[in-house]
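Worksheet for the structure shown next.
The values are calculated or read from the model by the stated rules, or taken from the named source; none is laboratory data. These numbers were taken from a predicted model, which means no experiment stands behind them. Reconstructed Cβ throughout: ideal geometry from the backbone, glycine too, with neighbour counts over all protein chains shown.
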Amino acid sequence: MAAMHYEGKLKKWNAERGFGFICANDSGQDIFVHVSAFPRDGQQPLEGELLSFEVEPDGKGKKHAVRVRRLGASQSAEAYSSRANVTRARHLSRVPKTSAWPSRLITLVLLAALAWYGYSRYANRVAQIEETAQPAAQLPAPSSFNCDGRKHCSQMTSCKEAKLFLKNCPGMEMDGNNDGVPCEQQWCTSPFAD
């Protein structure tokens, strides 16, 4: 049995909810239509649009429009749309593909900057450790030690030197908490300090 095709005009359309009503030409009756009944061509239904449709009962026995097609100018629009899609596909096939080299270059530059920063931090830390771990030969021997008037941590060059001054010179101002460890904030905080 062939389905009956009806024609009508889209009377009302609620784009947010995706449904509306078609006013049938032959009866003037309003027929419910859901967005899923329209062709999936990317065009939104418009009020006043001429349509061809079939009618089927829904689960509640009410009539609703199915297999909706646009009439008149829309048929030529569908033909134009399919030609435009073919033309667009041909045009896109000629467009050169953009390479990923700019993003790779940016990633490489960021990695190099990160590596440089890490290495400079490492080199500074090694230099600090080498400064604090001066050989004992550079410091004066305890028997010939001379208190030269230096009393503060800012005047010392290493933790070892600060400890010698604290041990051998009276009136030192390098051990604020009197625990026997001088210059705790400047020199003697490193695990490598003597």
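Can you tell me which residue in the stretch 153-178 is modelled with the lowest pLDDT, limited to those that are in a loop (DSSP other than H, G, I, E, B) and more than 51 Å from the chain's Cα centre (by Cα)?
Within the stretch 153-178, the match that is modelled with the lowest pLDDT is N178.
From R67, R104, R17, grab the single residue that is at pLDDT 80 or above, outside any helix (DSSP H, G or I) and surrounded by 10 or more Cβ atoms within 10 Å (Cβ to Cβ). Quick ask: steps written out before the conclusion?
Numbers: R104 fails: outside any helix (DSSP H, G or I); R17 fails: surrounded by 10 or more Cβ atoms within 10 Å (Cβ to Cβ).
Result: R67 is the single residue among R67, R104, R17 that is at pLDDT 80 or above, outside any helix (DSSP H, G or I) and surrounded by 10 or more Cβ atoms within 10 Å (Cβ to Cβ).
Modelled with pLDDT under 80 and closer than 30 Å to L51 by Cβ: which single residue out of A79, A133, A137, A141 fits that description? Steps first, answer last, please.
On the way: A133 fails: closer than 30 Å to L51 by Cβ; A137 fails: closer than 30 Å to L51 by Cβ; A141 fails: closer than 30 Å to L51 by Cβ.
Of the residues listed, the single one that is modelled with pLDDT under 80 and closer than 30 Å to L51 by Cβ is A79.
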